[in-house]
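The values are calculated or read from the model by the stated rules, or taken from the named source; none is laboratory data. Model, not experiment: these values are computed from the prediction. When we count neighbours, we look across all protein chains shown, and the Cβ atoms used for this are built from the backbone with ideal geometry, even at glycine. Please note that ligands, DNA and RNA were not included when accessible areas were found on the heavy atoms of the full protein model with its side chains. Shrake-Rupley method; radii C 1.70, N 1.55, O 1.52, S 1.80 Å.
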Amino acid sequence: MEFQVTILGSNSAAPAHGRNQTSQVVSYGRSQFMVDCGEGTQHQLKLHRVKSSKIDHIFISHLHGDHYLGLMGLISTFHLNSRTSPLHIFGPKGLDEIITLHLKYSHTQLKFPLHFTETSTEGKNLLLEQGNIRVFSFPLKHRIPCTGFSFEETYRQQKLIKEKIVGTGMSVAEIQSLLQGKDVVEADGKLKYVASEFTHQPVPPRRYAFCSDTVFDPTLIPYIQGVDLLYHESTFMAADKERAKLTLHSTTEEAATIAKTAKVKELLLGHYSIRYVDLYPLLWEAKAIFDATHLSEEGKTYVIK
């Protein structure tokens, strides 16, 4: 099952240097989830050939404009294109009011159902469970209420030991159960097949975590511990550390420190300040602390391995 993230925008407060404001699409199999929707996201979707019609769930981290001002334009386009399938939006308190006011004063009655779920900044919360993927929110420390999001597989399909399956007479349903790592139990509760006897060593489920805007905050480590890929804002370089503190943002070194401490597999930098034209100095600074660091680049897709 494909599990990947495509970057649509990697800048912070304003578009500059050919970089747009924050937005990305997480793909899992046939499902696509948008995370944040900065101004101009629609253009980025077209530019990078991401089919917006496949997006049924949008997650907004907080109500700073560079993270949501593209949302109403996208909703309007869905309406103009006669979308009929429901759209689910998850975001902080107040976002539903903003959407309602736009629709009210434009005299727009959407052609599709729009469902809003308010996110919480208290602990880790399950927002969505769809097939084999679950989406959680967790708190970030910023100037206004803000959450990160984690996308987590519930299980990884196991690999069967084919020679052990041959001749057993297993049904398709029983094989599917083993592929999910589940033992097969008969109606009377008696154990019939043990998954570990018919499958190779289990492969751990994959996880992706998104940390949009946050000050350096070690308390978020339990929420992202050991994830396969972490996107963590890195608005500033270390030389601008005081500016980062003042605005409740993070530096490249702080993002790398969080990644190293949380023992994540790989780190994606993003949310770059417009003061930086060349991003490679940010990358080298982070890699000095956590080598498995990458720049998030617009239009590029990163596979959660």
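Of the heavy-atom accessible surface of region 36-116 (probe 1.4 angstrom), what whole percent is carbon and sulfur?
After summing per-atom areas, the C and S share lands at 52 percent.
For region 233-265, the residues whose amide N sits under 11 Å from a probe point set 7 Å from the Cα of R143 along the beta carbon direction are 246-249. Annotation for region 110-173 versus region 36-66: alpha-carbon center distance of 20 Å.
Residues considered: V203, V25, V135. Largest GNM mean-square fluctuation over the chain, using C-alpha springs under 10 Å, is found at V203. Springs between alpha-carbon pairs under 10 angstrom, Gaussian network model over the chain: which of K263, K182, K93 fluctuates most? Sorting by GNM fluctuation, first place goes to K182. Working from label points 7 Å from Cα in the Cα-to-Cβ sense, the S106 to K182 distance is 4.3 nm. Sequence-distant contacts, meaning Cα pairs under 8 Å at least 6 residues apart, place the relative contact order of region 60-119 at 44 percent. Surface composition of region 245-305: carbon and sulfur make up 59 percent of the accessible area, probe 1.4 Å.
A Stokes-Einstein calculation at 25 °C with viscosity 0.890 mPa s, built on the Kirkwood radius of region 1-68 over Cα pairs, returns a diffusion coefficient of 205 µm²/s. Distances between every pair of Cα atoms in region 60-162, grouped in 10 Å steps from 0 to the bin holding the largest one, split as 13, 37, 30, 13, 5, 1, 0 percent. Between R49, R134, R156, the Gaussian network model of the chain with springs among Cα atoms under 10 angstrom shows the greatest mean-square fluctuation at R49.
Calculated accessible area for the chain comes out at 48 Å² per residue, all protein chains present (probe 1.4 Å; ligands, DNA, RNA ignored).
So if we plug the beta-carbon distance of E2 and F116 into 1/(1 + (r/R0)^6) with R0 = 22 Å, what FRET efficiency do we get, rounded to 0.05?
Values: r = 28 Å, r/R0 = 1.29.
Once the sixth-power term is evaluated, E becomes 0.20.
I need the calculated FRET efficiency for the pair E297 and I98, taking r as the beta carbon distance and R₀ as 30 Å, to the nearest 0.05. Once rounded, the FRET efficiency stands at 0.50. Here the relative contact order of the chain, from alpha carbon pairs under 8 Å that lie six or more residues apart, stands at 16 percent.
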